[in-house]
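The values are calculated or read from the model by the stated rules, or taken from the named source; none is laboratory data. What you are looking at is a predicted structure, and each value in this text was computed from that prediction instead of being measured. Here the Cβ positions follow ideal geometry from the backbone for every residue, glycine too, while neighbour counts run over all protein chains shown. Please note that ligands, DNA and RNA were not included when accessible areas were found on the heavy atoms of the full protein model with its side chains. Shrake-Rupley method; radii C 1.70, N 1.55, O 1.52, S 1.80 Å.
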There are 2 protein chains.
Amino acid sequence: MRSSIAWAVIASTICVQQVACATVDRIEYNAAPPNLSHLFNSSLFYTWRPRSHVLPPNGQIGDPCSPDLVRYTDVSTDPTFIRSGGINDPVAVFDGSVIPYGINGTPTLLYTSVSYLPIQWTIPYTKGSETQSLAVTYDGGKNFTKLNEGPVIPGPPFPVTNVTGFRDPYVFQSPQLDRTANSTPGIWYTVISGGIRGEGPSQFLFRQYDADYRDWEFLGQWWHGAANSSWGDGTWAGRWGFNFEVGNVFTLNDEGYSNSTDAEFFTTLGAEWSEVPIIPQVSQFREMLWASGNVSSSSNGSVHFEPTMAGKLDFGVFAYAAAGKLLPATSQASKHSGTTVDRFIIYLWLTNDNFGTSAFPTLQQGWSSTLTTVRELSRGTMANVKNDYLVAGPASWRVASQDKSASTVDLVTLNQTIAREVRAAFVSNATRTITEPGRTISTSASGYGNASANSLNFAQSPSSKFFMLTTTLHFPTAARNATDLKAGLRILSSEYESTSIYYQFANESLIIDRSNSSAAAATTPGILSNNEAGRLRLFNIASGSANGSSSIESLALTIVVDNSVVEVYANDRFVLSTWVWSWYDQSTEISFLHEGSTAVRFDDVVVYEGLVDAWPSRP
Amino acid sequence: MRSSIAWAVIASTICVQQVACATVDRIEYNAAPPNLSHLFNSSLFYTWRPRSHVLPPNGQIGDPCSPDLVRYTDVSTDPTFIRSGGINDPVAVFDGSVIPYGINGTPTLLYTSVSYLPIQWTIPYTKGSETQSLAVTYDGGKNFTKLNEGPVIPGPPFPVTNVTGFRDPYVFQSPQLDRTANSTPGIWYTVISGGIRGEGPSQFLFRQYDADYRDWEFLGQWWHGAANSSWGDGTWAGRWGFNFEVGNVFTLNDEGYSNSTDAEFFTTLGAEWSEVPIIPQVSQFREMLWASGNVSSSSNGSVHFEPTMAGKLDFGVFAYAAAGKLLPATSQASKHSGTTVDRFIIYLWLTNDNFGTSAFPTLQQGWSSTLTTVRELSRGTMANVKNDYLVAGPASWRVASQDKSASTVDLVTLNQTIAREVRAAFVSNATRTITEPGRTISTSASGYGNASANSLNFAQSPSSKFFMLTTTLHFPTAARNATDLKAGLRILSSEYESTSIYYQFANESLIIDRSNSSAAAATTPGILSNNEAGRLRLFNIASGSANGSSSIESLALTIVVDNSVVEVYANDRFVLSTWVWSWYDQSTEISFLHEGSTAVRFDDVVVYEGLVDAWPSRP
């Protein structure tokens, strides 16, 4: 189902290799797609456009403004609040972050001002190409005015100037860090992401030095990874790679953002790397990671971060550049929703053209990329986990406590959930709520009825491609070693297309099989059909009985389908966001997916159809 | 006498207050001048233009190129070898200096790249306004190509960023400093001039860090003066002021430039200051100073310069921004002149419009300012000086050795002499050499003949305003306390104008009295007529006899008159350069000047008329 506005594009000319051209009156979503890259610009504007996600009216993703995390308004017709071309940034403006009450109490942006391009970890670094400069806003963020002064951080401090990158300043306050670094309470810090050529990726830590944020004191590379190293064997947190980007730093406890003494340091970061041979100007991989750890200071005043656990903030290969922010309990959104705790919320950038390198028909679509659904982060606990071989790290969890008599441990990790306001709105705003009866499925089970050997259609499927689906899967103990088991759901399905989302114990992975996701993949370059996958360990949970028995942790899935955006959340600690460019209007069916000889029970299956229009004021 | 080319300007319109205008066919130098600021542009081009000095074909002083220090050629029609407008220097280019065999063996300019204006020690400093960048030349210096990278020194190192200035990088090598700072032998250093707001002026020392001069290691403020402090009571070296500029650093021994262990560190520097109340954007005074001292290193690796003596490199208030350079014995000029020692040569900038602030008729002149005659610097010795009250410092000399039995000391100071090739050329190239008989002059002496009470015309005066005059004055012991004594010369004299150059013991000063120098001063703003003065102490020199008697040191004067440029050199350790804008053609007479009751003997009086055309290839 597409918006009627889509039909404003009533005639598209399809040209094949500039030889044969045909004019079509309208795009048919009930027939096989043409090569979409030959359509008129913006003719696909609404085809795959999400409804509840944050993205600008057109073009690239820009700046949203929301009172409640659910609905947004465009603050100006031109969503660009800062442009390159100044003395400090003649060629580009990279990421920054805002001190809410900065210079003279005004919101103050610390951003990367760029003087020379190209910049990439794969090529020699041009000294001075990335500096950090200030801008302030006098109109609530619609525009930022650059300060009439040079960069406040003119480069990585001597002698570590031969960097792979030095950008994306993230500003934050931290009473914990104030104590560790013996700072004036309430001072601002900034972490700048990059790395040292030949040595590896780094986060550079600076501290505010004066009231005008004119000078920043270097506190050291508070975190440095060896070049192309990984956390453990890389199973749980990919590679640190060669260069860090977009680092955020914050402290979490079980409730959310916290400055209390029980809170721990977390950082989110982008890691860039390639397989050898490294090709200049090609960064083959970007991974959006997180880490938590301990912070200490040296006698020379430098501060060090030592990870204790690390993982992927999102397993989707096109989910990157997470930007997080403290959302205090006193904020408009929190007060509106009755949230009484401080939160750390985060958005990721979801690129639909592989960071600008794929042949996706962007011109035909007329917009590019989106932000993911906003998430809340907290420290999560997995309690009563059997202290068996599955617990061993380094991993994306650590042992918080141990009960030797029960042979159990409590594990902690990073929890990520859809922001409570958004989740609540998806439920309360649903135009239709479909409850599919729970069932146990095995290849031999009668429940399959007339369905095919490995699938079972929902009794009711949504009529659109906008919905949130929740369900919980329960596995028998035998599932642990059931190498043939796959269990999950098929979504966005029709006789022509379908996307499979399933967990398999064989490699402890949650997989989104996109090989049959889009009929357009057959006609159009850039409609990618490769699998997306992420690693999720389901632990053995002690039963509580005296005999030491345990059961496999259940798999609680939440799947948000916002037209082409598919986000899979699992057990509050796993997220995989990706694109599914289904073509046919009728590709809205959902079915259970099961393969293998071990039975799986699906419970609490609900589909909330409709989502929320994030941009009610847009035409 | 003016060049005949001057008469190409045959008609000038004189407008008085835009009411009465009259056209004159030619400028008459045998009649009183009109208000020159109402003449056509460039109508005064040749009126005051020097012959043997370094200045561009027209406009502001630029870049000369000379094989022999005497004659110069223009290397290109546009004498500008670097312009602002690049990424690092969008608004201005300030001073720099060249590493002769720099990047890839190419001459490499390290210069101040300017991003924000205004910049002055009297106003708050805009961070990042002055950075240091590199440019290289591929055509022997006609043009310098900026490197495609950011500043190699992006600013004063944290936390001393609240500066009064940070500019004019002077590059040098120094085996002595290599030893003191434990450096790789042959490494390059740069000293950057400026100061710290509220604390005082500084020279910032940096050391080359890599083969491409991309990074420079900060070795500390190797020299820092308290704000507005002076050397001793300020008698001999003015004030350190609030901000340093154009610092040069080099080592000298008695022969000239030297790396031998007996050589000492010298620095030349510009000092900026004002009387209170300090008016924003007005630097009232600029002084061109020198200092010599000892260099040591601290345990933390920083290097310190501690002055032992200091003085004025030139007492002329418009002589500033000295730029010096090592001229090795292997250089073309030295080989040509048979000079077998390494030399340190230096030019000063002589502004004729008070650093752009006076009303001098620059447009009518069509050119502005010049460089002074090039000088050689060395460490000089004043031997057998009576160790009396005159020796006490701090001063522009220091005691090098003491002979207690003879009650004498040997003093050392900075020696400055006209570069030997230039002096030799002035002698050998003279179109007329006038030898005036030596004589003793006192008010009662018969030698006065028919001359007026306090002057005595030379038997022969030059017929032009281009000459070098040398003479030595001998004073009786009684002169030391003769408060009414003035002895010297009148030059550029006629019945309408004259300039008095004389020494007086009353304040140990050598004075250029310009109050009657120019008839144009009466008609034209900016033709300044204030006195110039410098301090010179004539010591008591032991006679060598057993009774401990002594005589006053003689005063050896060399006066270079190059049309309007007048440079007075005394005893190889005093220079005063200024402008004398005489108007009348006949103002070429010279006379002895004597006032007071004490007789003075003038010996060895020679006038070498003609000088040398420094620009033989110019039309």
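If the chain linking B:Val341 and B:Leu363 were pulled fully straight, counting 0.36 nm for each residue of separation and taking away their Cα-Cα distance, it would gain 3.6 nm. Karplus-based coupling profile of region B:209-218, in residue order and whole Hz: 10, 9, 5, 9, 6, 7, 10, 10, 8, 6, with θ = phi - 60° in 6.51 cos²θ - 1.76 cosθ + 1.60 and x standing for Gly or Pro. Contact-buried residues of region A:86-132, at a threshold of 30 Å² lost accessible area versus the chain by itself: A:Ile87, A:Tyr116, A:Lys127 (1.4 Å probe; DNA, RNA and ligands ignored).
The separation of region B:147-199 from region A:461-484, counted between C-alpha centres, amounts to 66 Å. Here the Karplus relation 6.51 cos²θ - 1.76 cosθ + 1.60, evaluated at θ = phi - 60°, turns the backbone of region B:550-567 into coupling constants of 8, 9, 6, 3, 6, 10, 9, 9, 10, 10, 9, 10, 10, 6, 8, 8, 10, 10 Hz, with x for every Gly and Pro. At full extension, B:Phe158 and B:Asp262 could sit 33.8 nm farther apart than now, given 0.36 nm per residue minus the alpha carbon distance.
A simple spin-label model places the labels of B:Asn507 and B:Ser543 3.3 nm from each other, with each point 7 Å out along Cα-to-Cβ. Taking 12 Å as the cut-off, the amide N atoms of region A:82-121 that come nearer than this to a point 7 Å along the Cα-to-beta-carbon line of B:Asn148 belong to A:116-119. Spin-label model, B:Thr440/A:Tyr101: points 7 Å from Cα along the beta carbon direction are separated by 8.8 nm. Of the residues in region A:208-233, those shielded by at least 10 Å² of accessible area once partner protein chains are present, compared with the chain alone at a 1.4 Å probe, are A:Tyr209, A:Arg214, A:Asp215, A:Trp216, A:Glu217. Quick check: the distance between the Cα centres of region B:300-371 and region B:394-427, to the nearest angstrom? That distance is 19 Å.
By DSSP, the beta bridges lying fully in region B:429-609 are antiparallel in about 100 percent of cases.
Taking the Kirkwood radius as Rh and the Cα radius of gyration as Rg, the protein assembly as shown has a ratio of Rg/Rh equal to 1.14.
Computed from point charges on the beta carbon alone (+1 for Lys and Arg, -1 for Asp and Glu), the dipole magnitude for region B:66-182 about its Cα centre is near 180 Debye.
Counting only residues at least eight positions apart within a chain, or on another chain, the aspartates and glutamates with an alpha carbon under 18 Å from that of A:Lys486 are A:Glu508, A:Asp513, A:Glu532, A:Glu553, A:Glu595, A:Asp603. In whole Å, how far is the Cα centre of region B:577-599 from that of region B:225-254? Each part reduced to its Cα centre gives a spacing of 32 Å. With Cα atoms as the point set, the radius of gyration and Dmax of chain A evaluate to 24.7, 77 Å. Across the cross-link table entries B:Lys142/B:Lys335; A:Lys146/B:Lys146; A:Lys146/A:Lys312, which are compared at the Cα atoms, the separations over 29 Å belong to A:Lys146/A:Lys312. Amide H contacts of A:Asn243: A:Glu272, each under 5 Å away and 5 or more positions distant or on a separate chain (H built 1.01 Å from N in the peptide plane; Pro and chain starts excluded). Among chain A residues, the beta-carbon with the smallest distance to the axis carrying A onto B is reported, with distance in whole Å, as A:Pro154, 2.
Calculated FRET efficiency, B:Asn58 to B:Val91, Cβ-Cβ distance, R0 = 25 Å: about 0.55 to the nearest 0.05. Annotation for A:Pro67, label-to-label distances across the other copies: 8.4 nm (shortest first, one decimal, point 7 Å from Cα along Cα→Cβ).
Here the spin labels are modelled as points 7 Å beyond Cα on the Cα-Cβ line, and at A:Thr73 and A:Gln586 they lie 4.3 nm apart. Working from Cα pairs under 8 Å separated by at least six residues, relative contact order for region B:429-609 is 41 percent. Secondary-structure-derived ellipticity at 222 nm for chain A, considering helices only, amounts to -1000 deg cm²/dmol, per-run term -39500 (n - 2.57) for DSSP H runs with n ≥ 4. Entry note, chain A: relative contact order of 14 percent, from Cα contacts under 8 Å with a spacing of 6+ residues. Out of residues 5 or more away from B:Phe218 or on other chains, whose amide H comes under 5 Å of its own, with H placed 1.01 Å from N in the peptide plane? For B:Phe218, the qualifying residues are B:Arg207. Sorted from closest to farthest, the other copies place their A:Ser298 label points 2.0 nm away, with each point set 7 Å from Cα along Cα→Cβ. Heavy atoms of the protein chains alone define the surface here; on that basis the protein assembly as shown has 38 Å² accessible area per residue at 1.4 Å probe size.
Overall shape: oblate for region B:95-203, with the ratio a/c of the largest to smallest alpha carbon gyration tensor axis at 1.5 or above and b/c at least equal to a/b.
Candidates A:Ala506, A:Val560, A:Val580 compared by Cα position along the dipole of region A:490-610: farthest toward the positive end lies A:Ala506, with charges placed on Cβ. Inter-copy label distances at A:Ser617, using a point 7 Å along Cα-to-Cβ, come to 6.9 nm with the shortest given first. Report the FRET efficiency, 1/(1 + (r/R0)^6), for A:Val282 and B:Ala226, where r is their Cβ-Cβ distance and R0 is 41 Å, rounded to 0.05. The pair A:Val282/B:Ala226 has a calculated efficiency of 0.15.
Classify region B:429-609 as rounded, prolate or oblate, taking a ≥ b ≥ c as the square roots of the eigenvalues of its Cα gyration tensor: rounded when a/c is under 1.5, otherwise prolate if a/b is larger than b/c and oblate if not. Judged from the Cα gyration tensor, region B:429-609 comes out prolate (a/c at least 1.5, a/b above b/c). The portion of the accessible surface of chain B made up by carbon and sulfur, rounded to a whole percent, is 51 (1.4 Å probe; DNA, RNA and ligands excluded).
Once B binds A, the 1.4 Å probe can no longer reach about 2100 Å² of accessible area, counting both sides. Candidate cross-link partners of A:Lys325 among the aspartates and glutamates, defined by an alpha-carbon separation under 12 Å and a same-chain spacing of 8 or more, comprise A:Asp342, A:Glu376.
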